[in-house]
Amino acid sequence: MIDRALFLAGLRGLAYDAEIFNCWHLAGLVQDRLFGRALPIAAPGLVADVRARARAMAEHPARADWQPVARPVDGALVLMGKVEGAETHAGTWLAEQCGVILHNDEGHGVVFDSPLELAAARRWRLTYLVPV
C-alpha cells in the first residue's frame, strides 16, 4: 500500500510539461496510485488545441464510465473550464485540508488549490465526476 501523505508531498511543486507531465498526466497518476483507476491516454496534440481538448473531455467514450456528482468525494475527478461541457483542465479532489484540488498547470506546476480559489480566481466551473 502506498503512503498517501508521502506520495502527495512528493508531487507538490513538480514542474508542468505540456508533453510529458500536464494536468491529465497528473490526474491519471493520482487516480491510478491512490484509487486504482485508469484514465484513458490523451493524445499529445490536445494540449495545444483547446477546442479539441474540450471536445475530447466531453465526448470521449470513457466519459460514460464516470458520473457527475453535486458534492465531491475523495478521489473525484475534477474537470474545469469556463463553460460546463467544454472543460479544458483536469485535477483530482482530495479530502485533505477540508477539500483541495490537486492539479498541474503551466506557470505553477503541481499545486493543491481550494475549489473556491479556482472558481473565483479563474472563474472556472468545476465538474466533479466519480466512477459509475
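The residue that is least open to solvent (accessible area, probe 1.4 Å), counting only those in segment 112-132 that are in a helix (DSSP H, G or I) and closer than 18 Å to LEU26 by Cβ, is LEU118. The numbered conditions (1) over 11 Å from the mean Cα position of the chain (by Cα); (2) at pLDDT 90 or above are all true for ARG123 except (2).
The values are calculated or read from the model by the stated rules, or taken from the named source; none is laboratory data. These figures come from a predicted structure and were not determined experimentally. Virtual Cβ from ideal backbone geometry, glycine too; neighbours counted across all protein chains shown. The accessibility values were calculated without ligands, DNA or RNA, using every heavy atom of the protein model including side chains. Shrake-Rupley method; radii C 1.70, N 1.55, O 1.52, S 1.80 Å.
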